[in-house]
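Each remark here refers to the structure printed beneath this line.
The values are calculated or read from the model by the stated rules, or taken from the named source; none is laboratory data. These numbers were taken from a predicted model, which means no experiment stands behind them. Cβ: placed from backbone, ideal geometry, glycine included. Neighbour counts: every protein chain shown.
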Amino acid sequence: MVVDHVGYLFFPEVWALRVVGRLAFPIFAFLIAEGYRRTSNPNAYLLRLIVFAVISEVPYDLFARNRLFYPGSQNIFFTLAAGLFSLMLYDKFMARRNEVGAMLGVFACCVFCVVIQASYMFSGVLLIFAFYVNRDWKHLVLWFGAIVLCNAALVALTERDLYWALIQTAQVFALPLIGYYNGRQGRRLKYFFYVFYPAHMLVLYTLRWVV
């Protein structure tokens, strides 16, 4: 993520930095799905994501748009929160054997991200959902590939930028890294990672003006 953001601000012509950055979101998506499976309090988990989505918005707008407030796009925490909420809705409806309601809940979260223009929009929510419902690696790879291609197609159609759309497909290289996950928790630095997102954007934004 940091490599990607350094490339975005300081070296936009170096495509390799942006390619490395495409590995970040699939890993975040996987961790949201895995965190939901393991958390004892999903509501508190969701609240943390929402709080940091709000906290991160000004740093994100400064970093990405050089403005204190820009309603045209929202930071990644909104996508992660919507993805987590989609899993909560899915489980709630599936517990009642209401498959239609479960899928409509996921769809509503996708629409929400599109409306507010959150990072990765509907493909971000779907990627989190794919990691949650697919325990079989072969099925996961198919879902993952389809979602990444949809995201690339969306970029090509909406931004009319085939070059950037092609870079989006580099997300697939995150799968081998995720495959090394051993199911065990690492160091307990939970809040460090929450704070790191808005903090590093403020640091990079400041450095851009200093340099």
For this session: Please identify the pairs in which a residue from region 41-57 that is farther than 26 Å from P71 by Cβ and assigned to a helix (DSSP H, G or I) has its Cβ atom under 8 Å from the Cβ atom of a residue that is modelled with pLDDT of 95 or more and hydroxyl-bearing (S, T, Y), counting only partners at least 6 apart or on another chain.
Result: P42/Y36; Y45/Y36
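A quick yes/no check of all residues on (1) among the basic types (K, R); (2) more than 13 Å from the chain's Cα centre (by Cα); (3) under 20 Å from L189 (Cβ atoms); (4) buried (at least 16 other Cβ atoms within 10 Å of the Cβ):
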{"residue": "F10", "(1), (2), (3), (4)": "no, yes, no, no"}
{"residue": "P26", "(1), (2), (3), (4)": "no, no, no, yes"}
{"residue": "R38", "(1), (2), (3), (4)": "yes, yes, yes, no"}
{"residue": "I50", "(1), (2), (3), (4)": "no, yes, no, yes"}
{"residue": "G105", "(1), (2), (3), (4)": "no, yes, no, yes"}
Seminar exercise, completed: If we ask which residues in region 64-91 are at pLDDT 95 or above and in a helix (DSSP H, G or I), their number turns out to be 16
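It is to be established whether one or more residues within region 142-153 are closer than 23 Å to E57 by Cβ and modelled with pLDDT under 90. It would help to see each step written out before you state the result.
Initial filter on region 142-153 (closer than 23 Å to E57 by Cβ): 151.
When the remaining residues are screened for being modelled with pLDDT under 90, the result is 151.
The answer is yes; a qualifying residue exists.
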For this session: Identify all residues within region 11-40 that are touching a Leu at 6+ places or on another chain (Cβ under 8 Å) and touching a residue at least 60 places away in the same chain (Cβ under 8 Å); write none if there are none.
Result: L23, F25, P26, I27, A29, I32, A33, Y36
For this session: From (1) farther than 30 Å from L202 by Cα; (2) polar (S, T, N, Q); (3) touching a residue at least 12 places away in the same chain (Cβ under 8 Å), pick out the condition that doesn't hold for Q74.
Result: (1)
For this session: Give just the number: which of (1) of a type outside the set (S, T, Y); (2) out of contact with any helix residue (DSSP H, G or I) (no Cβ under 7 Å at 6 or more places or on another chain); (3) surrounded by fewer than 13 Cβ atoms within 10 Å (Cβ to Cβ); (4) at pLDDT 90 or above does A199 not satisfy?
Result: (3)
Exercise. Yes or no: V115 touching a helix residue (DSSP H, G or I) at 6+ places or on another chain (Cβ under 8 Å) and either without any contact (Cβ under 8 Å) to a residue 60 or more places away in the chain or loosely packed, with under 14 Cβ neighbours inside 10 Å (or both)?
Worked result: no
